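Everything on this sheet refers to the single structure shown next.
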Amino acid sequence: VCGVAACILSAVRQNGVKDCGPNELKRALKNTVVINGVADPFAQGSGLVSASDCAEYIIKNHGKEGQNIAIDVSIPSRNGARGLYIRDEIELDGPMEFSVLVNPKFSHSKTRTPSEL
């Protein structure tokens, strides 16, 4: 994916988008994958990367609100882990419950415009 991401960033730069950040790239990659017909997401991941669709998505949506929002996700009961990896046999015996903390990082929250006050 890293090589494809480099090609995507090069393509969007050539089309005038000079400041595509990592969160914007990640959002575009996730929103433009092509599902290849395998029903189990654990077998295929999110899907196949479509470089041209991803570049078009970034060019079309760059600068819109929410495209560059970082989101921190953690599981407090697992020492703040960023995801679940259930591998121990005892964890497979039955249903389990976890609290998940989702914390969006809005860039505008540090400064306020007069209309926001």
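The values are calculated or read from the model by the stated rules, or taken from the named source; none is laboratory data. Bear in mind the structure is a predicted one, so any value in this text is a computation, not a measurement. Note that each Cβ is placed from the backbone with ideal geometry, even for glycine, and that neighbours are counted across all protein chains shown. When the accessible area is computed, the model is the full protein with side chains, heavy atoms only, and any ligands, DNA or RNA have been set aside. Shrake-Rupley method; radii C 1.70, N 1.55, O 1.52, S 1.80 Å.
Counted as qualifying within segment 15-83 are the helices (runs of 4 or more DSSP H) with 2 or more residues that are hydrophobic (A, V, I, L, M, F, W, C), farther than 23 Å from Val100 by Cα and within 12 Å of the chain's Cα centre (by Cα), namely 22-31. Residue pairs whose Cβ atoms lie under 6 Å apart, separated by 6 or more positions or on different chains, with the first residue in segment 57-78 and open to solvent by 30 Å² or more (accessible area, probe 1.4 Å) and the second acidic (Asp, Glu), are Asn68/Glu24.
Considering only segment 79-95, state which residues are surrounded by 11 or more Cβ atoms within 10 Å (Cβ to Cβ) and more than 26 Å from Pro22 (Cβ to Cβ). Passing the criteria: only Glu91. Answer yes if at least one residue in segment 6-14 is in contact (Cβ under 8 Å) with a residue 12 or more places away in the chain and under 15 Å from the mean Cα position of the chain (by Cα), and no otherwise. No, segment 6-14 contains no residue that is in contact (Cβ under 8 Å) with a residue 12 or more places away in the chain and under 15 Å from the mean Cα position of the chain (by Cα).
From the list Ala11, Ala81, Ala28, Ala5, pick out the single residue that is in contact with a Leu (Cβ under 8 Å, 6 or more places away or on another chain) and of a type in the set (A, V, I, L, M, F, W, C).
Only one candidate qualifies: Ala5.
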